[in-house]
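Once you've had a glance at the structure underneath, I'll fire off some questions.
Any read-out appearing in this document is the output of simple, stated calculations on the displayed coordinates, not a laboratory observation. Only a predicted model underlies this, so the values are computations on that prediction, with no experimental measurement involved. Note: ideal-geometry Cβ built from the backbone for every residue, glycine included; neighbour counts use all protein chains shown.
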Amino acid sequence: MQVAEFEPIAGQDDGGDQIQAEMLVVGGGIAGMTAAIETAELGKKVVLVECNPSLGGRVAATNQYFPKLCPPACGMEINLKRMRSNPNVRILTLAEVESVSGAAGDYAVQIKLKPRYVNEKCTCCGECEKVCEVERD
């Protein structure tokens, strides 16, 4: 069995956790989502890395897609539901692969997680808004 280690780099201060998985999928578009779901449903641990804040890629941004010409929500919601209900899928959004090392069947991958707020310690309490002198429209 092939196993890889993925080490998310949460920020500049802390090193993040190590994740053991059997497959790394880079890209959370329809193809990446499908690869992650199908592999996870076979019982394998999967890490899905997407650089954007949400999954879906270009299909999520379109009005209709081929061949059924239906809105992307109709197919994507099924895939998202399958991923959410499967404990074998770990999704990392706002993340990028920093480095890959190792050999076939024994890879170590470092993944950089982009901050979601001011920093990872932010709790969205609103206290920083009160003391900030800069206003934006």
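Taking the Cα-to-Cβ direction at E96 and at N52 and moving 7 Å from each Cα, how far apart do the two end points lie in nm?
For E96 paired with N52, the spin-label model returns 1.6 nm.
Ok, one more. Starting with the fewest neighbours, write out K68, K45 ranked by other beta-carbon atoms found within 10 Å of each beta-carbon. Walk me through the intermediate numbers first.
Working: K68 9, K45 17.
Placing the least packed residue first, the sequence is K68, K45.
Determine the shape class of the stretch 45-136: with a ≥ b ≥ c the square roots of the Cα gyration tensor eigenvalues, call it rounded for a/c under 1.5, and otherwise prolate if a/b is greater than b/c, oblate otherwise.
oblate
On to the next question. Might you report the magnitude of the Cβ-based charge dipole of the stretch 31-137 about its Cα centre, with Lys and Arg at +1 and Asp and Glu at -1, to the nearest 20 debye? All intermediate terms of the calculation are to be shown ahead of the outcome.
Values: 14 positive and 13 negative charges, 90 e Å.
For this selection, approximately 440 debye.
Ranking V26, V97, V109, V131 by Cβ neighbours within 10 Å, fewest first, what do you get? Please list the in-between numbers first.
Numbers: V26 17, V97 14, V109 21, V131 6.
Lowest count first: V131, V97, V26, V109.
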